[in-house]
Amino acid sequence: MKFSAKVFLSLLLLLVVRISSLAQVPPATRVSCPDAAQYYSKDSINIVTFGASTVEGVKGLGFQTMLQNNFLNCYTNKIVDITNHGIGGQTTFQGLLRIDNAIANRTGFIVIDMGINDALAIATGKGSIAETVANMRVLITASLKQKLVPILCTLQFVDDRTIKSYVAVNTNIRNLNTAYKKLAAEYKIYLADVNAAMRRDFSLYQDPFHPNARGYRLVSYVIFDAINKAIFDKFLKFTVSQNYPNPAAMQTFIDVVLPETDKINIQIYDLMGRLVKTVVNEYLNTGKHTLEINTSTFVPGIYFFKISSDSGQYNSAKKFIVAR
């Protein structure tokens, strides 16, 4: 097929425009979606974000929109509602004065990212690590009382390369992060380890304190992962997949998702209702389990697998075929 010079130049121009547009697509704009996204038991994801300037956002940048997009990309047909309760410059003590209003009538999760201003104040002789930890305890217990699931963020370092007084601030941040990790373990809540992700990579900062667009995207990923861990632990729905492959030949698999630990019994029956095989009769922990059914000795035909739990909460039955 021959093209005229005019047509050829038009096609070439379209190709250049297409390549140019592709080059402008930012890398890593989509997250890897976890199993929790497939088996979330609620219709909505509600998140309160609470803290100081990192939460409020700086110069038009913040993590909330990125976090919302992470969930919308993975949790299809779910409502994602994120509120921003960040006020720049505030300490944890000032946060105590407004936490009740921030969480009133809210459900779901609360992301608490607060303490850098405390670290700055402590470096000038105001306040102490113990006082900040005590304030954080109140923020956590108030959230738990409201039946929110707290996600506690560690604090990113400040850029101390040129301002030497910030070295002491980072010492305070290290001490606070150590205390925050202990609080997360004590209250059995979830830790979003922002500090471990950002480390001292100051190319992720727009100023000595705050993330730039890349930094905020990283923060959104860390918080996304922490909330997904909470969903996996607390908000899964009981699910039994159709076996695969179906029809089966020598073996087939089923996926079982449990919201909590229970003793599970999985049995295979033929069309006459006769027990052919017991696949599982044991305790399984919370989460997704992929179970293998060896069908090599089965006569070709139609079978049923039935799943039940000792607690009586979980029951399911599905038909499948064996063919060779």
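Among the residues making up region 225-257, a single one is crowded, with 20+ Cβ neighbours inside 10 Å, more than 30 Å from Lys318 (Cα to Cα) and not β-branched (Val, Ile, Thr): Ala226. Take the conditions (1) in contact with a helix residue (DSSP H, G or I) (Cβ under 8 Å, 6 or more places away or on another chain); (2) of a type in the set (D, E, K, R); (3) more than 24 Å from Leu284 (Cα to Cα); Lys182 misses just one of them, which is (1). For region 143-169, the tally of residues that are in contact with an Asp or Glu (Cβ under 8 Å, 6 or more places away or on another chain), in a helix (DSSP H, G or I) and buried (at least 18 other Cβ atoms within 10 Å of the Cβ) stands at 2.
When the test is whether a residue is modelled with pLDDT of 95 or more and under 15 Å from Ser241 (Cα atoms), Lys288 does not pass it. Has region 182-190 got at least one residue that is assigned to a loop (DSSP other than H, G, I, E, B), touching a Phe, Trp or Tyr at 6+ places or on another chain (Cβ under 7 Å), free of Cβ contacts under 8 Å to residues at least 60 places away in the same chain and assigned by TED's automatic domain parsing to the domain that holds Lys147? For region 182-190, residues assigned to a loop (DSSP other than H, G, I, E, B), touching a Phe, Trp or Tyr at 6+ places or on another chain (Cβ under 7 Å), free of Cβ contacts under 8 Å to residues at least 60 places away in the same chain and assigned by TED's automatic domain parsing to the domain that holds Lys147: absent. All of (1) out of contact with any helix residue (DSSP H, G or I) (no Cβ under 8 Å at 6 or more places or on another chain); (2) farther than 22 Å from Ala184 by Cα; (3) modelled with pLDDT of 95 or more hold for Asn77 with one exception: (3). Out of Phe320, Phe298, one residue alone is farther than 17 Å from Phe238 by Cα, part of a loop (DSSP other than H, G, I, E, B) and among the hydrophobic types (A, V, I, L, M, F, W, C). It is Phe298. Between Leu155, Leu148, Leu176, Leu139, the distinction of being assigned by TED's automatic domain parsing to the domain that holds Ser203, touching a helix residue (DSSP H, G or I) at 6+ places or on another chain (Cβ under 7 Å), under 16 Å from Thr54 (Cα atoms) and in contact (Cβ under 8 Å) with a residue 40 or more places away in the chain belongs to Leu155 only. Might you check whether a residue that is touching a Phe, Trp or Tyr at 6+ places or on another chain (Cβ under 8 Å), in contact (Cβ under 8 Å) with a residue 40 or more places away in the chain and surrounded by 20 or more Cβ atoms within 10 Å (Cβ to Cβ) occurs anywhere in region 82-97? Scanning region 82-97, I find at least one residue that is touching a Phe, Trp or Tyr at 6+ places or on another chain (Cβ under 8 Å), in contact (Cβ under 8 Å) with a residue 40 or more places away in the chain and surrounded by 20 or more Cβ atoms within 10 Å (Cβ to Cβ), so the answer is yes.
The values are calculated or read from the model by the stated rules, or taken from the named source; none is laboratory data. Everything quoted here is computed from the prediction, not taken from an experiment. Note: ideal-geometry Cβ built from the backbone for every residue, glycine included; neighbour counts use all protein chains shown.
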